[in-house]
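The values are calculated or read from the model by the stated rules, or taken from the named source; none is laboratory data. Computed from a predicted structure; not experimentally measured. Backbone-built Cβ (ideal geometry, glycine too); neighbour counts: all protein chains shown. Areas reflect the complete protein model, heavy atoms only, side chains present, ligands, DNA and RNA absent. Shrake-Rupley method; radii C 1.70, N 1.55, O 1.52, S 1.80 Å.
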Amino acid sequence: MRTLTVLGSTGSIGVSTLDVVRRHPEKFRIAALCAHSQQDRLFEQCLEFKPCYAVLGKRESAVELQERLRQAGSLTKVEYGEVALEKMASLPEADTVMAAIVGAAGLLPALAAARAGKRILLANKEALVMAGAVFMRAVKEYGAELHPIDSEHNAVFQSLPINYSGDFLGSGVERILLTASGGPFRNACPDDLHAVTPDQACAHPKWSMGRKISVDSATMMNKGLEVIEAHWLFNIPGERIDVVIHPESVIHSLVQYVDGSVIAELGNPDMRTPIAHALAYPERIDSGVGPLDLFAVGQLNFTRPDADLFPCLALAYQALYLGGSASAVLNAANEVAVQAFLDGQLSFTSIAKVNRMVLDSAPILPINTIDDVLQADSLARQAAFDLVSERRIQ
Ligand code: NAD
Ligand code: MG
């Protein structure tokens, strides 16, 4: 029996995680469910999964939820705020932590899970993008276990040798090929993208996801962040990580070996597959995802990403090569720019402009501690806010 804390339980990954857990009550139980503001959904989840703890962002809503749960006969104890998230990530009674908070807010709880030596199911790619060196050091030092949830990285994990320890040359690995659907605008002209609305950007053709990552998929910043994530997870230099547009999203990523073999993981595009894989590893369990019907798929296509259409992808490689705080800077600028786009304050094409201006102007400093990361994040966030609020970018 594995006991889980789910960070971000009300989000797209959180809900899919609970759907897999629901299918296997004999294998998994829930110690804590953590969310930010969706009180009603968290209330329902608490009644169904009976966690010891639940967490919300604000005190008032936590008090309200506690009262509703009490009246419903639930014994769940409700806490609130960032400190509670770190506490839930390191609960002695939980052996496994699903890290599925979106954005930089997920970093400290994920790091707390690493420092508590947990089995971490990592969906929050931002933890590695912002603080790859610090996070991977903590995983090693405290004997934590890292299982990638991002479908591409989970596919790479499955395609690497069992017990791969980061020695890519010794394992005969030549390259990693990350697949990308290309998002909703893969066939658009760069000039047509200026007037794109948030709903158009979030209408992903293949995957159903939260709004932030959906916009990142439309700009392909998501794939850029995934290149950085793959670098840290598998100890592979950026020049050995390629991005391939594969609109069917059936091949979730590939590993190319020196002997010419290419090993890939295929399946229907549904996050419950990587979630079930990581939850039960090394066992295989039912995820609720239907079998892949290759006859219905018919054809698989592959193209190179268009650099003019997807400028954010090159920015991510640039940040990876710059090293130090560059990836944290880019991630922070992008979070601010995407939020401004979702709030109607910035055009779609200006997301890349904000990202570029902040990355080109922010000081890139060495990262030794988590405080270095948080400082770089906060300065870059401020620089991006200034650009957006002064309307210096059209
Ligand atoms: P989402 O927006 O659907 O859900 C986010 C969750 O995080 C919610 O439960 C929300 O309550 C919580 N949250 C948000 N801000 C918070 C804060 N400040 N403090 C505490 N909790 C907070 O996002 P998602 O699509 O589920 O993505 C979650 C993470 O997984 C992201 O890092 C994303 O990049 C990654 N990921 C998602 C998918 C996908 O298919 N959705 C695929 C791969 C990776
Ligand atoms: Mg992905």
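Remarks
- For Phe28, the residues whose modelled amide H falls within less than 5 Å of its own, excluding neighbours fewer than 5 places apart on the same chain, are Arg2.
- When the alpha-carbon atoms of the stretch 94-186 are used, the pair Rg, Dmax equals 14.2, 43 angstrom.
- Over all other residues within a Cβ to Cβ distance under 10 Å of Gly183, the charged ones net out to +2, with Lys and Arg as +1 and Asp and Glu as -1.
- Cross-link check: pairs Lys27/Lys118; Lys27/Lys77; Lys50/Lys212; Lys125/Lys212; Lys223/Lys353; Lys58/Lys125 evaluated at a Cα-Cα cut-off of 19 Å; pairs beyond the cut-off: Lys27/Lys77; Lys50/Lys212; Lys58/Lys125.
- The mean sequence separation of alpha-carbon pairs under 8 Å and at least six residues apart, normalised by the residue count of the stretch 147-245, gives a relative contact order of 37 percent.
- Kirkwood hydrodynamic radius (C-alpha pairs) into Stokes-Einstein, the stretch 294-369, 37 °C and 0.692 mPa s, D in µm²/s: 232
- Geometric descriptor of the stretch 252-394, per residue, is 205 Å³ (volume of the convex hull of the Cα atoms).
- Relative packing of peptides 214-222, 177-185 - highest average C-beta neighbours within 10 Å first: 214-222, 177-185
- In sequence order, calculated HN-Hα J values of the stretch 281-291 (Karplus, 6.51, -1.76, 1.60; Hz; x Gly/Pro): 2, x, 6, 10, 10, 5, 10, x, 8, x, x
- Short to long, the 10 Å bins of the Cα pair-distance histogram for the stretch 247-335 hold 13, 27, 34, 25, 2 percent of all pairs.
- Cα-Cα separations in the stretch 138-259 greater than 25 Å, expressed as whole percent: 31
- Per residue, in Å², the accessible surface of the stretch 84-208 once ligands and nucleic acids are set aside, probe 1.4 Å: 38
- For the chain, the relative contact order works out to 14 percent when only alpha carbon pairs closer than 8 Å and six or more residues apart are counted.
- Computed over all pairs of different Cα atoms, the Kirkwood value for the hydrodynamic radius of the stretch 1-93 is 12.9 Å.
- The stretch 273-394 - percent of accessible surface contributed by carbon and sulfur, probe 1.4 Å: 54
- In this view, the solvent-accessible surface of Asp286, computed with a 1.4 Å probe and all protein chains in place, comes to about 90 Å².
- Within the accessible area of the stretch 180-244, the carbon and sulfur atoms contribute 48%, probe 1.4 Å, all protein chains present.
- Structure-based [θ]222 nm, the chain - -39500 (n - 2.57) summed over DSSP H runs of at least 4, per residue, nearest 500: -14000 deg cm²/dmol
- What the Cα convex hull of the chain gives, in volume per residue, is 138 Å³.
- Span from the the stretch 220-242 Cα centroid across to the the stretch 296-329 one, whole angstrom: 9
- Alpha carbon centroid spacing (whole Å) that separates the stretch 349-367 from the stretch 60-75: 43
- Among Cys52, Cys202, Cys312: highest mean-square fluctuation, GNM of the chain, C-alpha pairs under 10 Å: Cys52
- A Förster distance of 51 Å, applied to the separation of the beta-carbon atoms of Glu390 and Glu67, puts the FRET efficiency at 0.70.
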